[in-house]
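Inspection log for the structure reproduced underneath, given as structure tokens.
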Amino acid sequence: MESSLRPADPAAAAAWDVAATVCDPEIPVLTIEDLGVLRRVEVTDAQVQVAITPTYSGCPAMDAIRQDVTAALGAAGYPRVQVSLELAPAWTTDWMSSAGKAKLDAYGIAPPSGRAAVGPVRVGLSVKCPQCSSLNTRELTRFGSTSCKALWVCGDCREPFDYFKVL
């Protein structure tokens, strides 16, 4: 998968490609590259340095992601790996790839629509149901199975679904 953040340096690009295979533990159909959580990979003689950004401050998946990145790179022959968290700039759904949004939709989670707000917050009018594509939907609760998702229900097929919030 191509990413504008993928390093041009061949050694760093090879390490990036390994780290990019790590899946999000909460939404296993998405890689950390799909989510835009993988921010930087650098390779020196001494080690591989990887920077990741949490989807929100305090995200409980970050420890698992850090361990999975370290394990994946270790298995690929990189014995010394340092994974650091970068909190600034804050993660935004704008960093998600188009492929990642399509994977969410196929998985039954409505992907974020639009772009993150700068200035006044826009009011969302509807979210397309990932089951039947209806726009006759409503939010049941602002927080779903994780803080980055809301629980919605479709008025046509009556199925509940998660919506990955625009952040």
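The values are calculated or read from the model by the stated rules, or taken from the named source; none is laboratory data. These numbers were taken from a predicted model, which means no experiment stands behind them. Positions of Cβ are generated from backbone atoms using ideal geometry, with glycine treated the same way; all protein chains shown enter the neighbour counts. Side chains included, ligands, DNA and RNA excluded: accessible areas come from the protein's heavy atoms. Shrake-Rupley method; radii C 1.70, N 1.55, O 1.52, S 1.80 Å.
Tabulated data
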{"item": "Under the span-like rule (Cα at least 24 Å along the axis, Kyte-Doolittle mean at least -0.5), DSSP H helices of the chain", "result": "none"}
{"item": "Partnerless cysteines, meaning none of the other Cys C-beta atoms lie under 4.7 Å away, in the chain", "result": "Cys23, Cys59, Cys148"}
{"item": "The chain - accessible surface per residue (Å², probe 1.4 Å)", "result": "52"}
{"item": "Portion, in percent, of the accessible area of the stretch 1-49 that falls on carbon or sulfur, probe 1.4 Å", "result": "52"}
{"item": "Linear extension gain, Ala75 paired with Asp156, 0.36 nm per residue minus alpha-carbon span", "result": "24.4 nm"}
{"item": "Check: the stretch 1-97 dipole with +1 on Lys, Arg Cβ and -1 on Asp, Glu Cβ, in debye", "result": "200"}
{"item": "Probe 1.4 Å - accessible area at Val81, Å² to nearest ten", "result": "30"}
{"item": "Inter-label distance, nm, simple model (7 Å from Cα along the C-beta direction), Gln47/Asp94", "result": "3.2"}
{"item": "Potential extension, Ser84-Ser134 segment - 0.36 nm per residue separation minus Cα distance", "result": "13.9 nm"}
{"item": "Charge context of Cys129, other residues only, Cβ under 9 angstrom, K/R +1, D/E -1", "result": "-1"}
{"item": "Cα centre as origin, Lys/Arg/Asp/Glu Cβ charges: the chain dipole, Debye", "result": "560"}
